[in-house]
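The values are calculated or read from the model by the stated rules, or taken from the named source; none is laboratory data. Small disclaimer: the values here were computed from a predicted structure and weren't measured. Glycine also receives a Cβ, built like all others from the backbone with ideal geometry; neighbour counts cover every protein chain displayed.
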Amino acid sequence: MDNLVANNTVDITPENFQQVILTDSQEKVVLIDFWAEWSEECKSVSPVLAKIASEYGDALILARVDCDAQQEVAAQFGIRSLPTVMVVKDGQPVDGFAGVQPEAQIRELLEKHLPKPEDALLAKAGEAIYEGDYAAAFPHAKQAYELNQENINAKYMYIDCLVENGSVETAKALLDTIKLVDQDSRYQTMVGKIELAEKAADTPEIQELTAQVEANPDNLELKVELAVQLQQAHKSAEALSLLFSVLSKDLHFGDAKKLMLDMINAMPDGDSLKSEYRRKVYSLLY
């Protein structure tokens, strides 16, 4: 069995029992492998557990109990047959199985209790949102959503960041993909946020400037004014599109270039609009 020992594997004794099972399980998932040298079935299960444990590193501890050498520990858990495997969190057994199980089933059982790859990103995004910094939250929320598009928390947080950072149409399209079963209070909140953003983008000033631009398509000054209004109303895509049309006609028109670069730089990292328009501006400059 010695060749199974990895950094996150420990042999349980009465001396370290409290530290691993009661204390360490507050921070990590503890997977207990009750085994004995004489059990052939243990010899097929233990290597699978060791392999899985080696993949989870810091999130998991594989605690092995040699039931011959540690009969007292095995008795505390009421072990009746080998192999027996238990999942312990916060000092309590929360799951487990007895006998031989296929690797896929063991993984499925563990995944319910282990942190998901996107969880750390969502925590970072949540901290930034709590501080009101949606631009800082955006790349974390986007990456979390891309890692697992089925994670409803990631989807809601990404939609929230999209709205707050001016990508209202993208947010709306993503909100439309949320199934009825997942439409909780956050869904109504996002519907309300999107409606407010759309109303903000439909001010009398914007309506009037839009009409003037349509009537005078060659008036670059009007287009710049409308772009500024649209940006203030969180309609980044439309604002950038207008400014780009101005710069395509006249690269040195007024403050258009500075305005556009400022808008691009103010956008959150990871926003596809940011990289798209950065490329477009550079294509005009060089």
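Given the criteria of a type in the set (Ser, Thr, Tyr) and closer than 21 Å to Lys274 by Cβ, does Ser185 qualify?
For Ser185, the condition - of a type in the set (Ser, Thr, Tyr) and closer than 21 Å to Lys274 by Cβ - is not met.
Can you name the residue in the range 67-94 that is at positive phi and within 37 Å of the chain's Cα centre (by Cα) and, of all such residues, is surrounded by the most Cβ atoms within 10 Å (Cβ to Cβ)?
Result: Gly91.
Taking the range 252-265, which residues are closer than 14 Å to Lys223 by Cα and surrounded by fewer than 18 Cβ atoms within 10 Å (Cβ to Cβ)?
Phe253, Gly254, Asp255
Suppose we keep only residues that are part of a loop (DSSP other than H, G, I, E, B) and of a type in the set (D, E, K, R) within the range 10-27. Which one would you say is nearest to Asp68 (Cα to Cα)?
For the range 10-27, the residue satisfying everything is Glu15.
Residue by residue, here is whether (1) β-branched (Val, Ile, Thr); (2) without any contact (Cβ under 8 Å) to a residue 40 or more places away in the chain; (3) buried (at least 18 other Cβ atoms within 10 Å of the Cβ); (4) within 22 Å of Ile152 (Cβ to Cβ) holds:
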site	(1), (2), (3), (4)
Asp176	no, yes, no, yes
Leu180	no, yes, no, yes
Leu196	no, yes, no, no
Ala211	no, yes, no, no
Ala215	no, yes, no, no
Leu230	no, yes, yes, no
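Confirm whether Leu247 is more than 30 Å from Ala144 (Cα to Cα) and either among the acidic types (Asp, Glu) or in a loop (DSSP other than H, G, I, E, B) (or both).
No.
Name the residues in the range 255-274 that are touching a helix residue (DSSP H, G or I) at 6+ places or on another chain (Cβ under 9 Å) and not hydrophobic (A, V, I, L, M, F, W, C), would you?
Asp255, Lys257, Asn265, Pro268, Asp269, Gly270, Asp271, Ser272, Lys274
Quick one: Tyr158 ticks every box in (1) at pLDDT below 95; (2) not assigned by TED's automatic domain parsing to the domain that holds Val29; (3) not basic (Lys, Arg) except a single one, so which number is it?
All conditions pass for Tyr158, except number (1).
Pairs needed: first member in the range 244-267, within 19 Å of Tyr286 (Cβ to Cβ); second member anywhere, part of a loop (DSSP other than H, G, I, E, B) and not polar (S, T, N, Q); C-beta distance under 6 Å; at least 6 residues apart or different chains.
Correct list of pairs: Val246/Phe253.
Let's see how each residue does on (1) under 30 Å from Ala227 (Cβ atoms); (2) of a type outside the set (Lys, Arg); (3) not assigned by TED's automatic domain parsing to the domain that holds Gln26:
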position	(1), (2), (3)
Ile106	no, yes, no
Ala141	yes, yes, yes
Glu146	yes, yes, yes
Gln149	no, yes, yes
Asn165	yes, yes, yes
Leu180	no, yes, yes
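Do any residues in the range 106-131 that are surrounded by 14 or more Cβ atoms within 10 Å (Cβ to Cβ) have Cβ atoms under 6 Å from those of residues that are part of a loop (DSSP other than H, G, I, E, B), where the two are at least six apart or on different chains, and which pairs are they?
Short answer, once both residue conditions are applied: Glu118/Asn148; Glu118/Asn151.
Could you pull out the residue among Ser236, Ser248 that is within 32 Å of the chain's Cα centre (by Cα) and of a type in the set (S, T, N, Q)?
Of the residues listed, the single one that is within 32 Å of the chain's Cα centre (by Cα) and of a type in the set (S, T, N, Q) is Ser236.
Tally the residues that are within 12 Å of Gln101 (Cα to Cα) and within 29 Å of the chain's Cα centre (by Cα), restricting the search to the range 35-53.
Total satisfying the criteria: 2.
Restricted to the range 113-128, and to residues that are in a loop (DSSP other than H, G, I, E, B) and out of contact with any Asp or Glu (no Cβ under 8 Å at 6 or more places or on another chain), which residue is modelled with the lowest pLDDT?
Pro117
Given the range 143-235, what helices (runs of 4 or more DSSP H) lie entirely inside it while holding 1 or more residues that are closer than 24 Å to Gly270 by Cβ and in contact with a helix residue (DSSP H, G or I) (Cβ under 6 Å, 6 or more places away or on another chain)?
Filter on the range 143-235 gives 152-164, 168-175, 185-200, 220-232.
If I ask for residues that are out of contact with any Asp or Glu (no Cβ under 6 Å at 6 or more places or on another chain), assigned to a helix (DSSP H, G or I) and surrounded by 22 or more Cβ atoms within 10 Å (Cβ to Cβ), which ones from the range 43-66 would you list?
The answer is Val45, Ala53.
Out of the range 264-286, which residues are farther than 19 Å from Leu162 by Cβ and among the hydroxyl-bearing types (Ser, Thr, Tyr)?
Tyr282, Ser283, Tyr286
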